[in-house]
Amino acid sequence: MTAAAATLVPPATRHGPEPGPGKQAAGEPGTPAGRHVLLEQVITGLILFAPLVGTVVATVSLFGRGVTTTDVVLAVTFYLLTGFGLTAGYHRLFSHRSFTPARWLKITLAVTGSLAFEGSPLGWVANHRRHHAFTDRKGDPHSPYCYGKLPWSRARGAMHAHMGWLLEPQPLGNDRWVRDLRTDADLVTVSRLFPLFCVVSLGLPALIGWLVSGTLAAAVGGVVWGGLVRIFLLHQATFAVNSAGHIWGKRPYVTREADRSTNFAPLALLSLGDSWHNNHHSSPRLARHGVDRGQLDLTARLIWLFERFGAASAVHWPDPVALAARRKPLVVLAPKASEAARP
Ligand SMILES: [Zn+2]
Ligand SMILES: [Zn+2]
């Protein structure tokens, strides 16, 4: 997913030049802007680490109460609902315009994406577009290569790309990346309601758990498994596309200079297809990221269903000729002179 990059709180309207990694700043401590940035960081920290605490609680409770069928169904259902909101909605639709949706579908994807606890649609898209514009160069919000080439610098860069960047003040002028989306009243409204969707994201699984079993324990199980554990897992899958998806894996397609995006196959299922990240960076507008044979891409399947039932049109499907033109040529290593001389 571009996966997925995210501002966990809606960005404030600030304007100014584009800083690079390590140069983000917005106001000195003590000024209103400085206090605002601090508040954003505190909220982001809470949103990031509360699911981790919930997951630890859930793991410990396995030795006591255990996990019920309702817990598991809630966790899987909400994972898919909110995960597809991110991949089909935030990423392929709003960031890259991979298809044209019916209005009800657009709003549904914006809402389900908001339930993923990864920020408002406008904030998420702004950061993601910035990532594509400056991939692995100065200005990329979450490149793992921004701290240098020494082993320690690489480790620090990987942590920055995975989660660390979310705790840093966001740069000035992020709004300019979503000027087109700001004219969409539906998206603006959904973005403004992001805090409400955070409450719904935890409250709804609790309510369903209580309605199904009629006990307080089931409601708590709903919050923990359908809420916190699900959010934690989806966060890690999304964040890993930004970190692992620029470090490990294959790079079969041509990208721009400095772009180190990779296809990270182990994450294909959990990322719902967004971990075919090199394919995506090479052809960002495609609705299918798993463009090659055998590359699982559940989000592409879902968009295909949307198209089939008339909810999506003008879908940007891969063109074999265009793909072949972007594929890197196979490098055949010549035998060493000593080997070539052997009989
Ligand atoms: Zn993208
Ligand atoms: Zn990327």
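Computed from the coordinates by the stated procedures, all read-outs in this text should not be read as laboratory data. In this text the structure is predicted, and so the values were computed from the model without any measurement. Here the Cβ positions follow ideal geometry from the backbone for every residue, glycine too, while neighbour counts run over all protein chains shown.
Within region 232-246, list the residues whose amide N lies under 12 Å from a label point set 7 Å along Cα→Cβ of Met159.
none
Place +1 on the Cβ of every Lys and Arg and -1 on the Cβ of every Asp and Glu in region 32-340, take the dipole about the Cα centre, and give the residue among Ser275, Thr68, Gly85 whose Cα lies farthest towards its positive end.
Ser275
Could you compute the net charge surrounding Ser114? Neighbours are other residues with a C-beta less than 14 Å from the C-beta of Ser114; K and R count +1, D and E count -1.
Once positives and negatives cancel, what remains is 0.
Over the Cα atoms of region 32-340, Rg to Rh with Kirkwood Rh, two decimal places?
Rounded to two decimals, Rg/Rh equals 1.00.
Round to the nearest 0.05 the FRET efficiency obtained for Trp104 and Trp317 when R0 = 22 Å and r is the Cβ-Cβ distance.
Step by step, r from the Cβ atoms, then E = 0.45.
Around Ala217, what is the net charge, scoring Lys/Arg as +1 and Asp/Glu as -1 over all other residues with Cβ under 15 Å from its Cβ?
Result for the neighbourhood of Ala217: 0.
Please list 273-282, 41-50, 125-134 highest first by mean number of surrounding beta-carbon atoms within 10 Å per residue.
273-282, 125-134, 41-50
Modelling each spin label as a point 7 Å along the Cα-to-Cβ direction, I'd like the Leu330/Thr189 distance in nm, to one decimal.
About 5.5 nm, to one decimal.
Once fully extended, how much extra length lies between Val56 and Leu296, figured as 0.36 nm per residue of separation less the alpha-carbon to alpha-carbon distance?
83.4 nm
Per the Kirkwood treatment, what hydrodynamic radius in Å, one decimal, follows for region 110-217 from the mean inverse distance over all distinct Cα pairs?
It works out to 16.2 Å.
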